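The values are calculated or read from the model by the stated rules, or taken from the named source; none is laboratory data. Owing to the predicted nature of the structure, the values given are computational and were not obtained by experimental measurement. Note: ideal-geometry Cβ built from the backbone for every residue, glycine included; neighbour counts use all protein chains shown. Note: areas computed on protein heavy atoms with side chains; ligands, DNA, RNA excluded. Shrake-Rupley method; radii C 1.70, N 1.55, O 1.52, S 1.80 Å.
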Amino acid sequence: MADIDLKSYIRDVKDFPEPGVVFKDISPLLKDTKAFTCAINGLLDLIGKPAIDKVVGIESRGFFFAPLLAAKLGAGFVPVRKPGKLPADTISQNYTLEYGSGALEIHSDGIQPNDRVLIHDDVLATGGTAAAACKLVEQLGATVVQCNFLLELQFLKGIEQISSYSVRSLVKY
Ligand code: AMP
C-alpha cells in the first residue's frame, strides 16, 4: 500500500473552472479503493496521535475525507459551508481563493469553546479558504490543532496565510 504513487491518481484539468486555472481533479483517486485507502491512511499518519474533538471539513471536496478522518479519530465532524447552506444559527467569514472570493459559514453550536480542532480540505492553494476556516474555529473559542490537506500547490504559497498553525499535506506540487 505504501508504494502507491498518489500523484498518478490526480489528474490536471486545464482551464477549469475558468481559463488559466489547472484544476487538480482527485476523482481518479476516489474511485480506486487502493489509492483511496492509501490516502486515508496517509492523512491519518500526518495527524499522528493528538487529542482531537472535532474535524472541520471545508465544502465541498473537504467532505470526501473529513468525516472518515473524524470517525477514525473518535472525533465529531463539523461542516464549513458556503453561505445559505447551513440551516441553523451560523457565523460567517469572508475569504479569497485562487479563482474567486466568497464567504464561509459554520454552525454557531458546531464547536464548543476549548475544543481541539483538525481542519481538513482537499487542496491548499492560496490559503484563503483554510485561513477563513481557522478564523471561524477561533471565533468559537476553539483551538486549531492542525490544518490537514490531501494536496498542496506549494508554488501558490498558501502556507504563508496559515503559518501560525501546524500544516500538513500528503502530496505536494
Ligand atoms: P485556496 O483558498 O486558494 O487555498 O483554495 C482552496 C480551495 O479551493 C479548496 O477548497 C480547493 O478545493 C479549491 N481549489 C483551489 N485551487 C484548486 C485547484 N487548482 N485544483 C483543485 N481545487 C482547487
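Determine which single condition residue 138 fails, assuming it passes every other condition in (1) more than 8 Å from the ligand (Cβ to nearest atom); (2) crowded, with 20+ Cβ neighbours inside 10 Å.
Status for residue 138: all satisfied but (2).
Sort out which residues of the range 47-65 are more than 16 Å from the ligand (Cβ to nearest atom), crowded, with 18+ Cβ neighbours inside 10 Å and over 18 Å from residue 112 (Cβ atoms), and write them in order of number. Working first, answer last.
At the first step, the residues of the range 47-65 found to be more than 16 Å from the ligand (Cβ to nearest atom) are 47-54.
This time we only want the ones that are crowded, with 18+ Cβ neighbours inside 10 Å, so: 47, 52-54.
Selection gives 47 alone.
Given the structure, is residue 145 part of a strand (DSSP E or B), open to solvent by 10 Å² or more (accessible area, probe 1.4 Å) and either away from the ligand (no atom under 16 Å from the Cβ) or on the phi < 0 side of the Ramachandran plot (or both)?
yes
Residue by residue through the range 19-36, note down the ones that are open to solvent by less than 30 Å² (accessible area, probe 1.4 Å) and within 13 Å of the ligand (Cβ to nearest atom).
21, 23, 24, 25, 26, 29
Step by step: first the residues of the range 66-82, then only those that are more than 21 Å from residue 92 (Cα to Cα) and touching a helix residue (DSSP H, G or I) at 6+ places or on another chain (Cβ under 9 Å), then the one that is most open to solvent (accessible area, probe 1.4 Å). Which residue is that? Write out each step before concluding.
Residues of the range 66-82 more than 21 Å from residue 92 (Cα to Cα): 67-75.
Then keep just the ones that are touching a helix residue (DSSP H, G or I) at 6+ places or on another chain (Cβ under 9 Å); that gives 68-69, 72-73, 75.
Values: 68: 70, 69: 0, 72: 141, 73: 48, 75: 21 Å².
So the residue we want is 72.
Restricting to the range 98-122, name every residue that is away from the ligand (no atom under 12 Å from the Cβ) and open to solvent by 10 Å² or more (accessible area, probe 1.4 Å).
Taking the range 98-122 and keeping what is away from the ligand (no atom under 12 Å from the Cβ), we get 103, 105-118.
The answer is 103, 105, 107, 108, 109, 110, 112, 113, 114, 115, 116.
Restrict the check to the range 123-135 and report whether at least one residue is more than 10 Å from the ligand (Cβ to nearest atom) and either in contact with a strand residue (DSSP E or B) (Cβ under 8 Å, 6 or more places away or on another chain) or open to solvent by 20 Å² or more (accessible area, probe 1.4 Å) (or both). Don't jump to the end; show me each part of the working.
Start the filter on the range 123-135 by keeping residues that are more than 10 Å from the ligand (Cβ to nearest atom), which leaves 134-135.
Restricting the remaining residues to those that are either in contact with a strand residue (DSSP E or B) (Cβ under 8 Å, 6 or more places away or on another chain) or open to solvent by 20 Å² or more (accessible area, probe 1.4 Å) (or both) gives 134-135.
Yes: one or more hits.
Quick test for you: out of 111, 106, pick the one residue that is within 22 Å of residue 162 (Cα to Cα) and not in a loop (DSSP other than H, G, I, E, B).
Details: 111 fails: not in a loop (DSSP other than H, G, I, E, B).
Of 111, 106, the one residue that is within 22 Å of residue 162 (Cα to Cα) and not in a loop (DSSP other than H, G, I, E, B) is 106.
Quick one: count up the residues across the range 83-116 that are touching a helix residue (DSSP H, G or I) at 6+ places or on another chain (Cβ under 6 Å) and either within 30 Å of residue 14 (Cβ to Cβ) or at pLDDT below 95 (or both).
Final tally of qualifying residues: 4.
Residues are listed down the side, and each one gets a yes or a no for (1) under 11 Å from the mean Cα position of the chain (by Cα); (2) among the aromatic types (Phe, Trp, Tyr):
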position	(1), (2)
113	no, no
121	yes, no
155	no, yes
169	yes, no
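Would you mind finding the one in 33, 90, 96 that is among the hydroxyl-bearing types (Ser, Thr, Tyr) and free of Cβ contacts under 8 Å to residues at least 12 places away in the same chain?
On the way: 90 fails: free of Cβ contacts under 8 Å to residues at least 12 places away in the same chain; 96 fails: free of Cβ contacts under 8 Å to residues at least 12 places away in the same chain.
Matching residue, one of 33, 90, 96: 33.
Name the residues in the range 1-18 that are closer than 16 Å to residue 61 by Cβ, assigned to a strand (DSSP E or B) and open to solvent by 70 Å² or more (accessible area, probe 1.4 Å), would you? Steps first, answer last, please.
Looking only at the range 1-18, we keep the residues that are closer than 16 Å to residue 61 by Cβ, and these are 6, 9-13, 16-17.
Keeping just the survivors that are assigned to a strand (DSSP E or B) gives 11-13.
Matches in the range 1-18: 11, 12.
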